[in-house]
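Report on one structure; see the data block that follows.
What follows draws every value from the coordinates through simple rules; no lab data is involved. The structure presented is a predicted model; accordingly, all values stated were derived computationally and were not measured. When we count neighbours, we look across all protein chains shown, and the Cβ atoms used for this are built from the backbone with ideal geometry, even at glycine.
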Amino acid sequence: MRKRVAILGSTGSVGTQAIEVVEAAPERFDVVALAAGGGRPELLARQAIDHEVEVVAVSQATAAQDVQLALYAEAQRRGWDRGDHRVPRLLAGRDAAEQVARTDCDVVLNAMTGAVGLRPTLAALETGTTLALANKESLIIGGTLVTGAAPPGQLVPVDSEHSALAQAMRGEKASDVARLVVTASGGPFRGRTREELRDVTPEQAMAHPTWDMGPVITINSATLVNKGLEVIEAHLLFDIGFDRIDVVVHPTSVVHSMVELVDGSTMVQASPPDMRLPIALGLAWPERVPGAARPCDWSAPTAWEFFPLDDEAFPAIRLARQAGEFGRTAPAVLNAVNEVCVDAFVAGDLDFLGIPDTIEQVLSAHVADPDVAAAPLTVEGVLAADAAAREQAAALVDRRVATR
């Protein structure tokens, strides 16, 4: 039986690759609903018409008219104006993706970027639908609100590292796991000292050596903030303490992560860097999709290299551990400040080192606040901490700009 799939963030990097996975296995999947920001109306319309989806949603209400016109134009181009087919229903507004997450389907792929994915993640879990989660931020900031809403098997990771861990842990008892080893490519600045990072540009930060990703994730990989978030994600997904989660630099990104077992054995998941593999696993879990991605060529000479992290040049993982160990709303603060800083860096208003420096400044103040430690974790509290952290980060960025 084919699985009915709803894709949130369909016009982004993961979303478009998910469409490719579906189109390569039409006997396995049907796309029934799409959600996107609305900034690429022609692409969204083409996806919707290609798959004859029932619902299309855009979070930017101002983009609704552009998407509606694009839908009609694409339908007319294909002769649909004769009435042979119907144009999908269009939803618009801040809760549009949340409505799509409640669609009657078998799998919701949340490939949105940022904290805006939290409510759609919770909505999908509430319906009991399998959630293929590429929006790591919603898990990280939601913490136990998300894990507590997901019975075993409902939440399937789509990040390549966590998909690798899930695969390596199949059939293993939790008590047999000694530690998790998450791999990092090291980004475009691997090997540079902190001083050598002072004048790097957004264009340099966007030149990732192995992965083709969106701008936010690519810059997060350059700062290693992305890897810090993944450490928190691994802790929440697999209930492993931070002291048993390591990060190593592996430039070729062929080994996606490893699980070390108590008897000294290490389970490795390896494949060429291609997000279609973890996406296909997320959509079909616990089954596999034949031919989802190409395998390693074991007939060719191959060398795997691993290097330790440079915590001085790249403090993001240390900061993420601090936020994750404190818990509560600290991960939300970490993520919110980073999003503001990435935008400022891309706009030329913040230097590269200003990203981790600003995160550390706001995060340190947050965890030192006694009211934060005493407050229960709620969705409203998470979103309030997110908003406050963004204001503080923006003020610090403005201050740095003013003192140039």
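The figures follow:
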read-out	value
Lys/Arg +1, Asp/Glu -1 at C-beta; region 327-404 dipole; positive extreme among A385, V333, T358	T358
Packing rank of 3-11, 87-95, where each peptide gets the mean count of other beta carbons within 10 Å, highest leading	3-11, 87-95
Span per principal axis, largest first, for the Cα atoms of region 233-301 (Å)	36, 33, 23
Karplus 3J(HN,Hα) series, Hz, for region 328-339 with 6.51 cos²θ - 1.76 cosθ + 1.60 (x for Gly, Pro)	6, 9, 4, x, 5, 5, 3, 5, 5, 4, 4, 4
For region 176-303, the spread of Cα positions along each principal axis, largest first, Å	45, 36, 32
Whole-number percent relative contact order across the chain, with pairs defined as alpha carbons under 8 Å at least 6 apart	15 percent
The chain - Rg over Rh from alpha carbon coordinates, Kirkwood radius	0.97
Sites E196 and D398, calculated FRET efficiency, Cβ-Cβ separation with R0 35 Å, nearest 0.05	0.85
Rg over Rh [alpha-carbon atoms, Kirkwood Rh] for region 3-158	0.97
Burial order of peptide ranges 15-26, 102-113, 371-382, 218-229 (average beta-carbon count within 10 Å, highest first)	218-229, 102-113, 15-26, 371-382
Rg(Cα)/(2.2 N^0.38 Å) for region 78-236, N = residue count	1.27
Length added when fully stretched, E23-V262, from 0.36 nm per residue minus Cα-Cα	81.9 nm
Given charges at beta-carbon only (K, R positive; D, E negative), |dipole| of region 270-404 in Debye	300 debye
For region 327-404, the Rg and Dmax computed from alpha carbons only, in angstrom	12.7, 40
Separation of the D357 and T127 label points, Cα + 7 Å toward Cβ, nm	4.6 nm
Within region 3-158: Cβ-based charge dipole about Cα centre, in debye rounded to nearest 20 (Lys, Arg +1; Asp, Glu -1)	180 debye
Added length on full extension, which subtracts the Cα-Cα distance from 0.36 nm per residue, A384 to D95	102.3 nm
